[in-house]
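Report on the structure given below.
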Amino acid sequence: MRALTNNRESIQSSGIIIEDFLSMLDKVTKSGKNWMARCPAHEDGRPSLRVAVGDRGILVNCYAGCSYDEIIGSLGLRPSDLFFDALDSRTRAFYRYRAVRDRLMRLDVYCAIYQAEMDKGLLTDEDRKRFQDHIANRNQALSEAAELRREYGFEDSDL
């Protein structure tokens, strides 16, 4: 595990961003939208810690069974340090915007698939209901993304 610098005070006062957290881990590799690393809570011969960014903070899962508290404690952090509400409002909004855009991309794919199936006449009543739910969720996500863009001036190129 990499030694912590004097970042502890800044993390406590402002929360932590993913890049800072990943810099505390060894053998970090990108795995899709997530990362794998050696778990700092146990002797790890190969990476067993999955790290991801969720809507409210940084998520960790040790496949060897270490608890959240063990993982965070071994890095000298508090459990609350990985939650974005410890961050300033613009940084929290950016993470929220990124999560909303990711959700929109998934919903766009779902809607395109349902639309293609509907055009072929292959949707059941249950499928039509799911399609309507996806459209409603997509419209909600579009509104949320637009609000974040208006309030904070985010662009898709910021992602």
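Taken together, the values in this text are just the output of simple stated rules run on the coordinates, not laboratory data. Remember, it's a predicted structure, so these values are computed and weren't measured experimentally. Glycine gets a Cβ as well: all are built from the backbone with ideal geometry, and neighbour counts include every protein chain shown.
Structure values in brief
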read-out	value
Pairwise centroid distance, computed over Cα atoms, of the range 46-87 with the range 119-159, Å	30 Å
The range 28-82: chymotrypsin sites (Phe, Trp or Tyr not before Pro) in DSSP coil with no more than 15 other Cβ atoms inside 10 Å	TYR63
GNM flexibility winner over the chain from ALA116, ALA37, ALA145 (Cα, springs under 10 Å)	ALA116
Candidate lysines - alpha carbon under 27 Å from LYS120, same-chain residues fewer than 8 apart omitted	LYS129
Between 0 and 90°, nearest 10: helix 125-152 axis offset from the chain longest Cα axis	60 degrees
For the range 89-158, projected area of the alpha-carbon convex hull averaged over all directions, nm²	4.9 nm²
Nearest-ten-degree value, helix 89-119 long axis tilted from longest Cα axis of the chain	40 degrees
Cα-Cα separations in the range 21-159 greater than 21 Å, expressed as whole percent	57 percent
Cβ-defined net charge surrounding ILE72, 11 Å radius [Lys, Arg +1; Asp, Glu -1]	-2
Within the range 50-98, trypsin sites (Lys or Arg not before Pro) in DSSP loop having at most 16 other beta-carbon neighbours inside 10 Å	ARG56
